[in-house]
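The values are calculated or read from the model by the stated rules, or taken from the named source; none is laboratory data. Treat the numbers as computed from the prediction; the structure is a model and nothing was measured. All Cβ positions, glycine included, derive from the backbone under ideal geometry; neighbour counts span all protein chains shown. Heads up: the accessible areas ignore ligands, DNA and RNA and are worked out on the full protein's heavy atoms, side chains in. Shrake-Rupley method; radii C 1.70, N 1.55, O 1.52, S 1.80 Å.
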Amino acid sequence: MKKVYTKTAPEAIGPYSQAMVSGNLVFTSGQIAIDPADGQVHATTIEEQTHQVCKNLGEVLKAAGSDLAHVVKTTCFLADMADFAAFNGVYGMYFSEKPARSCVAAKALPKNVLVEVEVIAEKIDEA
């Protein structure tokens with residue numbers, strides 16, 4: 001296994017890695033809408049937060065030798081299922097290959113964000 005780290009995505013806020021590579025697969029930790037520049041959550045709407053989450057995931061995957069087009073599975077956590085349609089609208093812009101997905105409501109998410117997403121992706125290069 002290989003740990004993945006990049007300064008272009010938020011630092012882990014606990015005892016975990018941004019992602020791990022095992023064989024030809026990348027397993028990311030859940031990403032929330034933290035701005036990697038200052039470690040803060042600036043986005044307030046589900047749409048803004050989903051954009052930031054997807055950008056963060058893209059950076060972690062890039063560091064691991066993959067990208068959003070090679071995601072095979074996502075697990076999505078929403079603080080409020082009433083945000084499902086708005087979340088889907090943004091999510092679909094980033095995950096055009098339509099990977100397998102689970103989406104569940106969570107009672108609370110870190111830093112009181114509205115969305116968290118983790119992915120499993122295929123590696124495409126030797127990063």
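Roughly how many Å² is the accessible area per residue of the chain, as a whole number, for a 1.4 Å probe?
Details: 6640 Å² over 127 residues.
Heavy-atom SASA per residue in the chain reads 52 Å².
Looking at the chain, which Cys residues are left with no other cysteine's beta carbon under 4.7 Å from theirs?
Cysteines of the chain left without a disulfide-compatible partner: Cys54.
If the limit is 18 Å between Cα atoms, which of Lys3/Lys55; Lys55/Lys107; Lys7/Lys111; Lys3/Lys62; Lys7/Lys73 go over it?
Values: Lys3/Lys55 20 Å; Lys55/Lys107 24 Å; Lys7/Lys111 20 Å; Lys3/Lys62 13 Å; Lys7/Lys73 24 Å.
Checking Cα-Cα distances, Lys3/Lys55; Lys55/Lys107; Lys7/Lys111; Lys7/Lys73 exceed 18 Å.
What is the gain in length, in nm to one decimal, between Glu122 and Ser96 on full extension, counting 0.36 nm per residue of separation less the C-alpha to C-alpha distance?
Working: separation 26, 0.36 × 26 = 9.36 nm, distance 1.54 nm.
Residue separation times 0.36 nm, minus the Cα-Cα distance, leaves 7.8 nm.
Report the label-to-label distance for Lys111 and Gln40 in nanometres (one decimal), using points 7 Å from each Cα along the Cα→Cβ vector.
1.1 nm
Per residue, how big is the convex hull around the C-alpha atoms of the chain? Give it to me in cubic angstrom, could you? Show your work: numbers first, answer last.
Working: hull volume 11.8 nm³, N = 127.
Normalising the Cα hull of the chain by residue number yields 93 Å³.
Only Cα pairs within less than 10 Å get springs; with that Gaussian network setup on the chain, which residue of Lys111, Lys73, Lys55 has the largest fluctuation?
Largest GNM mean-square fluctuation: Lys111.
Can you give me the angle between helix 46-64 and the longest principal axis of the chain, using Cα atoms only, in degrees from 0 to 90, rounded to the nearest 10?
Around 10 degrees separate the two axes.
Return the carbon/sulfur percentage of the accessible area of the stretch 24-94, one whole number, probe 1.4 Å, all protein chains in place. Let's see the in-between values first.
Details: 1700 of 3000 Å².
Of the solvent-accessible surface of the stretch 24-94, carbon and sulfur hold 57 percent.
So how do 85-95, 13-23, 29-39 stack up, highest first, on mean other-Cβ count within 10 Å?
Working: 85-95: 15.8, 13-23: 13.9, 29-39: 17.9.
Ranking the peptides 85-95, 13-23, 29-39 by packing returns 29-39, 85-95, 13-23.
Between 0 and 90 degrees, rounded to the nearest ten: what's the tilt of helix 84-94 against the longest Cα principal axis of the chain?
Roughly 30 degrees between the two axes.
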